[in-house]
1. Assess whether B:ARG464 counts as being touching an Asp or Glu at 6+ places or on another chain (Cβ under 8 Å) and without any contact (Cβ under 8 Å) to a residue 24 or more places away in the chain.
2. Given (1) part of a helix (DSSP H, G or I); (2) surrounded by fewer than 17 Cβ atoms within 10 Å (Cβ to Cβ); (3) hydroxyl-bearing (Ser, Thr, Tyr), where does A:TYR349 come up short, assuming only one miss?
3. Out of all the residues in the stretch A:42-63, which are modelled with pLDDT of 70 or more and out of contact with any Ser or Thr (no Cβ under 9 Å at 6 or more places or on another chain)?
4. Identify all residues within the stretch B:272-291 that are out of contact with any Leu (no Cβ under 7 Å at 6 or more places or on another chain) and crowded, with 17+ Cβ neighbours inside 10 Å; write none if there are none.
5. How many residues are surrounded by fewer than 21 Cβ atoms within 10 Å (Cβ to Cβ), in a loop (DSSP other than H, G, I, E, B) and modelled with pLDDT of 90 or more if we restrict to the stretch A:240-272?
6. Give the residues of the stretch A:65-88 that are hydrophobic (A, V, I, L, M, F, W, C) and in a loop (DSSP other than H, G, I, E, B), sorted by residue number.
7. Among the residues of the stretch B:56-85, what is the count of those that are part of a strand (DSSP E or B) and free of Cβ contacts under 8 Å to residues at least 12 places away in the same chain?
Amino acid sequence: MIEAKIMDIIRKLEEMIRNGEEPYFEIFTRGRDEIIYDANTDSIVYRGKKIKRRFLSTFQTKKFLQTLAILRKILELKRQQVKTSIRGLFYQLKYDLGEEIDEVLFEEQEESNELIEEIEMMLNTLREDLNLTSDRRGILAGPIIIEDYFGGEKIVVDGTKQGRSGWAIPSDVDNGMEIKEIDADYVLVVEKDAIWQRLNEEKFWEKNKAIIITPKGQPSRGTRRLIRKLEELGLPIFVFTDADPWGWYIYWVIKKGSINLSFIEERLTAKKANFIGMYPSDIERYPFLKKLTITARDEDIKKAREMLSYPWIKRDKRWQAELEKFIEIRKKVEQDALQAISFSFLSQYVKEKVGEFF
Amino acid sequence: MPQGDAIQEISVAEFFQKNRQMLGYQGRVRSLTTAVHELVSNSLDACEVQGILPEIEVKIKKNDDEYILSVKDNGPGMEKEEIKKAFGKLLTGTKFGMRQERGQQGIGASGVILFSMLTTGKPAKIISWKDGKRIEIHLKIDVKKNEPIVISEREEKEDGRGLLIEVALKEVLYEQGKFGPLEYIRRLHLANPHAKFTFLSPFNELFVMERKSEKPVVLHSREKYHPSSIVPYQLLEILREERSVQSGLLKKLERFHFQRLLELKARLPHIDFGKAGSALTYDEAEQIIAELQKMGFSSPSEKGLVGIDEKTVAMLLSQNSEFVCFARKRISSYSGVPFMVQVVASLSQEGKLLRYANRVPLIFDQNACLITAVFNSINWKYYKVEKEKLTMLVNVSSFYVPYQSAGKQAIAEIPELEREIKNAMLEVGRKIREWKEKNVRKEIVEKKKEFLRKYAKLVAEELRRITNSNERYEDFLYEIIERRIK
């Protein structure tokens, strides 16, 4: 399918060239102004401008060639049924253009990354479908069976038998992966790996019939996609982070996607994800936390202010209040602080918070 | 002068003997070039007056410190008495009426003979071929009487046409450089491509400069003055022998016809234009001139004013340059005398200002010359010109070129002349700038095409890899580039 789409574009180029017309690619411009939030569907709708990347426009000529080269590479990957990371792609394409031009095709990975995003939009597909892998980072444990068709064999992954390290979530959870069985009531996404390990040790997932995932900070694409797939299967998603803007941002990325997103990231968002904490108001609710707060830095305040401007936060009264409170008290608190009072308090906190939703 | 001393009378010849630098004989190199210039100018004039395509041979031989200079031409030749008068007396000549000839003051050739005498004591040898006769005269100048001293003369039958002058010179030095006679002849040839020159140097090197143009140059005479710039004493002078003021005005003023006479008379009803020319008063002359200036007349006619052939000169200069252009002829007048300014410019490897008056190269006194002053007053950078790469040829043609001094190597500061020289130079500056701008644009377009062609090749390679074909996409792209990038 992707191959057909790409060849379509190529044929158009050929026609232009044979007709003596300047060849060009049609791409979407990206940037904040073109991103529109649709309040009716509570989602980001992209209405970017279609522009032409023209061969004869000397500022765009190199980009034209780069775009063509990446398309060529993707075709090669698909035809050979091979995957490569976007960094790998960068290196494979980073060849000398020849003695005449004193540059390499790509100077920095940033250039090829940007073009990959454009091509995703051009072809209306995720890069995983282009045989391009991204970094993976998430860990999972819990009552779930996944079949992984890998290297010509079928490998069965049992989330309850992953031991202390958990199952490393791959970058592509769609192609060659199938969720066979789930025996959980919900999914808990925990910001920090240390907290996940605590919960894993306790066998929180067994005691509470939950799947616990840690993105280990900013969620990777594979992790986001898996969370979305689990939501599609009917599982409620609960996100648990530090009480600071970076943690809150993780929640919003899982729920809405990154602010620079394009509409194709829709497949990576878990629209119904819920936030269980930590909020700034938790400091009041659990007084012992008062002594365990950290002073917020200027960057934190700046990020909080930025988040206040996000359209979906603007309409959420609770979040407005919480963010404003944060800016006022200038204090943040970590998930780990919940362990201060006792080791079991952590899971208690989670159960209590999750309970509020049922 | 102390009282009691008798005022001594010296002859013209004596005067110039004592003041030979005034004739251009100062410095050993300059003296030789001046001598060559005077004799060659004479030859060229003689040919052109008769409409003959000139052929001139210059030979310089050296014997220790004595040089022998001989100049031979294919002019009309001269009669015996003409030879004696022209070469044996200073301040005579055949220049009647206003003719645009190079030598003007009747000093030139005889000055050479005087100089030769002063430095070597030897007589000059003159041979003329005319009307089947060959006349050979050896003469000196009687300095006190300003009369020729004929040492020997001979006449015999021989066919041919032309004149040969041979003089011995000391206190001169032959130099190959820009002040020497060879360079002078070269520059002369540039402005006179209708002439052929042969030059034999003291080192026995022979240089032949062929005729580059077959257009003969004919000098006409001109008797009229232009009303816009005539001055009172001139007006009185030209009317002095006329029957009436009005007939004199009609006869002697250029662009002045009956209609304009009526106009003038209407403006000055109190002057009697019917009276004899000699009766005109200075006051009246002033008034007439004032009115003439208010009336306005079209610029002097070109007739009779012979300048360089810009096209041929441009072509000659273009052999070593990337761009040549010239200004349109500028004709105006000063003090009633019409003049023409021509400028040819070339962008080459060196910066040279080639000055000419009546197509004769001005080699010396560069810093005293008006042409140089005007050239330096212009901000050439504004016209995107590097002075070091600009070769400019300026020719001023006139019936009476105003020189700074008797040396006749520098043009005097006359405002009308200054204005026209400047305008012509600015015009040339504009043309150069226009060309440079077009060129820069062309360069930019070329660079852009080159850039795109390189990428076209790579794009074609990518397409071939994708389509697995041998199609030459780059050929299509090259064509698109050629067509679309201007």
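1. Yes.
2. (2)
3. Selection gives A:LYS52, A:LEU56, A:SER57, A:THR58, A:PHE59, A:GLN60, A:THR61, A:LYS62, A:LYS63.
4. Selection gives B:PHE273, B:GLU284.
5. 1
6. Passing the criteria: only A:VAL82.
7. 1
Let's see how each residue does on (1) of a type outside the set (Gly, Ala, Ser); (2) within 13 Å of the chain's Cα centre (by Cα):
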site	(1), (2)
A:LEU199	yes, no
A:ARG224	yes, yes
A:GLY234	no, no
A:TYR249	yes, yes
A:LYS255	yes, yes
A:THR269	yes, yes
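The values are calculated or read from the model by the stated rules, or taken from the named source; none is laboratory data. Computed from a prediction, not measured in an experiment: that's the story for all the values here. Note: ideal-geometry Cβ built from the backbone for every residue, glycine included; neighbour counts use all protein chains shown.
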